[in-house]
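Report on the following structure.
The numbers here are math on the coordinates, done by the rules we state, and not lab data. Values in this document were obtained by computation on a predicted structure and should not be read as measured data. Don't worry about glycine lacking a Cβ; one is built from the backbone with ideal geometry, like all the others, and counts go over all protein chains shown.
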2 protein chains.
Amino acid sequence: MKQLEDRIKKDGIVLPGNVLKVGHFLNQNIDIDLLSAIADEIASLYSDSHPTKVFTVEASGIAVATAVGLKMGIPVVFAKKHTSSNVQGDILSAPTHSYTHGTDYDMTINRDFLDPAERILIVDDFLAVGGALKSLISLVEQSGAQLVGCAIMIEKAFQGGGDELRAKGIRVESLAQVETMSEDSLTFRK
Amino acid sequence: MKQLEDRIKKDGIVLPGNVLKVGHFLNQNIDIDLLSAIADEIASLYSDSHPTKVFTVEASGIAVATAVGLKMGIPVVFAKKHTSSNVQGDILSAPTHSYTHGTDYDMTINRDFLDPAERILIVDDFLAVGGALKSLISLVEQSGAQLVGCAIMIEKAFQGGGDELRAKGIRVESLAQVETMSEDSLTFRK
C-alpha cells in the first residue's frame with residue numbers, strides 16, 4: 001500500500017535492535033485518515049473471504065481491528081495478554097514471547113468469544129518473528145473456528161515470521177513489507 | 001441512550017463488588033452495530049465543541065475512541081498504563097489506582113502527542129470512582145491542551161466519580177448512567 005509505505009519512509013524512526021517506531025502516527029497517536037485508508041484496503045483484500053469476525057490482541061491492534069470491523073460491518077474481539085480478574089468462564093490460552101519487550105505472557109480469550117461457526121480474520125499492527133500472530137492463530141485453532149487469513153499493517157519481512165506462516169498455507173497480507181532497514185534507509189518488498 | 005441501556009439490561013451481568021460485566025458485547029467482544037451507534041451519539045453530543053483529538057487509555061477504551069475518531073474525522077491517541085521500553089522522549093505521567101483490578105500504575109503519554117493547541121475529547125468505556133478519568137484529565141492539564149469534555153459509555157453513577165467531576169465544571173456525558181444495580185435489577189438515572 002503505497003500511502004502507508006510513503007508515510008513509513010517519511011516519518012518512521014529506525015532504532016537499534018530492529019525497532020521501527022511508528023507510534024507517533026500509526027499505532028498509538030493515530031492519523032485517522034491513514035487508519036481509515038488502511039481499513040479500506042484490508043476490507044477490500046478480504047471482502048471475498050466473507051469473514052464474520054475480526055480478531056486481534058490488546059493493545060495496539062485494537063484500533064486497526066475496530067476500523068476494519070466498522071468498514072466490513074462485522075464484530076471485533078481482542079485477546080488479552082494476561083488473566084484479568086474480570087475474565088471468567090472457559091478460557092483459551094497460548095503462551096507467547098514478546099521480542100519487542102523481552103517478556104513472556106499468556107494470550108487469552110474466552111472460548112465463548114470465538115464460536116466454531118465463525119470465519120475469523122486476524123488483524124494486527126506489526127508482524128516480525130510472528131510470536132503474537134502465531135498465538136492468535138493457535139487460539140483460533142483451539143476454538144474450532146475457521147481462519148480466513150491475517151491482515152497486518154507493517155511486516156518486518158526480513159525477520160521471517162510472515163513467510164514461515166505463508167509456507168504453511170496461511171494467507172498473510174501485509175500492507176507494508178519492510179525488506180531492509182537501517183537508520184539511513186528503508187526498502188520495501190514489492 | 002436507550003439502545004445501550006436496553007442492551008445492558010438484557011445482557012449485562014452484575015457480580016459482587018459492584019462489577020458490571022459487558023465484555024461479551026461491548027468492550028472486548030464488540031457488537032459493531034452497537035459501537036457504531038454509540039460513536040454516532042458521542043459525535044453528535046460533541047460536534048459543537050469542535051474537538052481536534054480523541055484521547056483515551058489502553059486497552060478497552062481504544063475501540064470506542066477509534067470509532068469516535070472515525071466518525072468525527074479527528075485523530076485518536078491513547079495513554080499507556082506503564083512505561084514501555086518503546087516509549088521515549090518527554091513523558092507526562094499520572095499515578096492511578098484501578099479499583100477494578102486492585103492495582104496501581106502510572107498512566108503515561110508522550111508530551112508530543114498532546115499539543116497545547118489541541119482541543120481534547122476524552123473517551124472511555126467505564127466511569128465509576130473516576131480513577132482513570134481523573135488521570136486522563138491530569139495528563140491533558142499537564143500538556144496545556146484544552147479539555148472540551150469527557151464521553152463515557154457506561155457510568156456507575158452511584159460510585160460518584162462522574163458527579164464529582166461535574167461539580168468541578170468538567171463536562172461529562174455518559175450514554176448510560178447506572179443508578180442502582182443488583183443481581184436482579186438495574187436502574188438508570190434519567
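Just check the stretch B:1-143 against the gyration tensor rule for me: Cα atoms, a ≥ b ≥ c as the square roots of the eigenvalues, rounded for a/c under 1.5, and otherwise prolate or oblate depending on whether a/b exceeds b/c.
Verdict is oblate for the stretch B:1-143.
Treating only the Cβ of Lys, Arg, Asp and Glu as charged (+1, +1, -1, -1), what charge dipole size does the protein assembly as shown show about its Cα centre? Round to the nearest 20 debye.
It comes to approximately 60 debye.
Need one number: nm distance between label points at A:Glu183 and B:Asp104, each 7 Å from Cα along Cα→Cβ, rounded to one decimal.
Distance between label points: 3.8 nm.
Charges only on Cβ, +1 for Lys and Arg, -1 for Asp and Glu: so what's the dipole of chain B about the Cα centre, in debye to the nearest 20?
About 140 debye.
Remind me, relative contact order of chain B in percent, using alpha carbon pairs under 8 angstrom and six or more residues apart?
Relative contact order for chain B comes out at 19 percent.
Taking the Cβ of A:Gly162 as the center, what net charge do the other residues with Cβ under 10 Å away carry, scoring Lys and Arg +1 and Asp and Glu -1?
Local charge sum for A:Gly162: -1.
Which of the peptides A:62-72, B:107-117 is most tightly packed, and how do the rest follow, going by the mean number of other Cβ atoms within 10 Å of each residue?
With the highest mean Cβ count within 10 Å placed first, the list reads A:62-72, B:107-117.
Straight distance only, please: which lysines reach the Cα of B:Lys2 with their own Cα at less than 23 Å, same-chain residues fewer than 8 apart left out?
Cα-Cα hits under 23 Å: B:Lys10, B:Lys21, B:Lys71, B:Lys156, B:Lys190.
Considering only C-alpha atoms, what is the centroid distance from the stretch A:11-63 to the stretch B:1-60, in Å?
22
Given the options B:Leu127, B:Pro75, B:Val19, identify the residue whose Cα lies farthest towards the positive end of the charge dipole of chain B (+1 on Cβ of Lys, Arg; -1 on Cβ of Asp, Glu).
The residue sitting most towards the positive pole is B:Leu127.
What are the DSSP H helices in chain B that stretch 24 Å or more along their long axis, judged by alpha-carbon atoms, and whose average Kyte-Doolittle hydropathy comes to at least 0.0?
Correct list, ordered by number: empty.
What ranking do B:37-50, A:123-136, B:177-190 get when scored by the average of other Cβ atoms within 10 Å per residue, highest first?
The packing order, highest mean first, is A:123-136, B:37-50, B:177-190.
Give me the distance between the Cα centres of the stretch B:115-190 and the stretch A:82-161, rounded to whole Å.
32
Tally the DSSP beta bridges in the protein assembly as shown and give the antiparallel ones as a percent, rounded to 5.
45
Can you compute the modelled spin-label distance between B:Asp40 and A:Asp33, with each label point 7 Å from Cα toward Cβ, in nm?
2.6
Would any residue of the stretch A:118-155 have its amide N under 13 Å from a label point 7 Å out along Cα→Cβ of A:Arg166? List them or say none.
A:150, A:152, A:155
If you put +1 on each Lys and Arg Cβ and -1 on each Asp and Glu Cβ, how big is the dipole of the stretch A:46-124 around its Cα centre, in Debye rounded to 20?
Rounded to the nearest 20 debye, it is 160 debye.
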